[in-house]
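Structure first, then comments.
The values are calculated or read from the model by the stated rules, or taken from the named source; none is laboratory data. Treat the numbers as computed from the prediction; the structure is a model and nothing was measured. Backbone-built Cβ (ideal geometry, glycine too); neighbour counts: all protein chains shown.
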């Protein structure tokens, strides 16, 4: 069974495929967690949002209309859950007189393009996940460097000859570019 | 000048000479495709760097994965699983009917009859006495080859019933008592170990 597209993944989950659920959670766990994290919520709140979003997905999996837009649904649901948490925190603060919770300090309105950013980041993760272990390790090491990557250090860390980095870098960058373009990351303006 | 992804990577990471950098910028100004490619590289870089700083706690991941049990409950059994479940209901063979054997020995009163069924490794003996006009009072004994214990019997009107007609306890010697109307029943012997029960169908109480 192929779970490549989100639509096929959601369909499989709706049919009760446990393995598809595992793939879905593994694929999207970081995306979901990144939303409350972006708002600076503490870990306990991040965990609440994370679990609530995946529980909601189980409950509403039959009702997802645009199954290929799963990432967008998860981001929206996580954002709403952050807001719900904020409201309940404010209510509790009003009742108890305590203030200063991170959930209380969420920005007034989530910026619409922020969702697109998160989706793009998710697509990058998916691209890296599908590219193959060798390329993934090399590209992650190259991109993780804050400035000019230090090749001898990367070669040592990955246990590969330094001379192989150049040709592999070219091949892996081309491969990643093709994958990300195919996934629709940062399309050129028409 | 058509830019390659490698040139753009070097541009992004600041490893080009000033002259090469200028040439790349001029090419970028002319090509929206090259700008899109550069943006993809920049998004990849920011994602990799941001993700390296944190990870989802293992417990949170485990909790979300555990929701898979609820997903699993949605699964419809396959044709072969349904077939297999149906096959597990053993059909009982009537091996003895006292009414066909002439003299009735050992039954209380003399108005009753005895039946014996064999189903796989299970043997069921039933002494049926009339309780009233419509019901048979049955004293039964279950004999099982093997070590599995069945402390409970559920009696169903047919295979598709979800609620038993009656249920009764089976004692350590395999004895049980029932009161049922005439009919053909499915006997479900519930296992003590909580494992799969044994269904015996075709128990005919005439």
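Which number in (1) at pLDDT 90 or above; (2) more than 14 Å from every other protein chain (Cβ to nearest Cβ); (3) in contact with a helix residue (DSSP H, G or I) (Cβ under 8 Å, 6 or more places away or on another chain) marks the one condition that residue A:86 misses?
Failed condition: (1).
Go through the residues of the range B:28-46 one by one and say whether even a single one is facing chain A (nearest Cβ under 8 Å) and closer than 30 Å to residue A:61 by Cβ.
The answer is yes; a qualifying residue exists.
Hey, can you tell me all the residues within the range A:39-57 that are touching a residue at least 12 places away in the same chain (Cβ under 8 Å) and within 12 Å of chain B (Cβ to nearest Cβ)?
A:45, A:46, A:48, A:49, A:50, A:52, A:53, A:54, A:56, A:57, listed by residue number.
In the range A:59-75, what residues are crowded, with 17+ Cβ neighbours inside 10 Å and assigned to a helix (DSSP H, G or I)?
Passing the criteria: A:61, A:67, A:70, A:71, A:73, A:74, A:75.
Checking the condition assigned to a strand (DSSP E or B), at pLDDT 85 or above and exposed (fewer than 15 other Cβ atoms within 10 Å of the Cβ), which residue from B:143, B:95 passes?
B:143
Just checking, does the range B:47-55 include any residue being buried (at least 17 other Cβ atoms within 10 Å of the Cβ), within 8 Å of chain A (Cβ to nearest Cβ), without any contact (Cβ under 8 Å) to a residue 40 or more places away in the chain and in contact with a helix residue (DSSP H, G or I) (Cβ under 6 Å, 6 or more places away or on another chain)?
Keep residues of the range B:47-55 that are buried (at least 17 other Cβ atoms within 10 Å of the Cβ), which gives B:47-48, B:51.
Restricting the remaining residues to those that are within 8 Å of chain A (Cβ to nearest Cβ) gives B:47-48, B:51.
Of the ones still in play, those that are also without any contact (Cβ under 8 Å) to a residue 40 or more places away in the chain are B:47-48, B:51.
Still in the running and in contact with a helix residue (DSSP H, G or I) (Cβ under 6 Å, 6 or more places away or on another chain): B:47-48.
Within the range B:47-55 (the criterion being buried (at least 17 other Cβ atoms within 10 Å of the Cβ), within 8 Å of chain A (Cβ to nearest Cβ), without any contact (Cβ under 8 Å) to a residue 40 or more places away in the chain and in contact with a helix residue (DSSP H, G or I) (Cβ under 6 Å, 6 or more places away or on another chain)), the answer is yes, since at least one residue qualifies.
With respect to residue B:8, determine if the residue is more than 30 Å from residue A:32 (Cβ to Cβ), in a loop (DSSP other than H, G, I, E, B) and more than 8 Å from every other protein chain (Cβ to nearest Cβ).
Working: more than 30 Å from residue A:32 (Cβ to Cβ): yes; in a loop (DSSP other than H, G, I, E, B): no; more than 8 Å from every other protein chain (Cβ to nearest Cβ): yes.
Here the answer is no, as residue B:8 does not meet what is asked.
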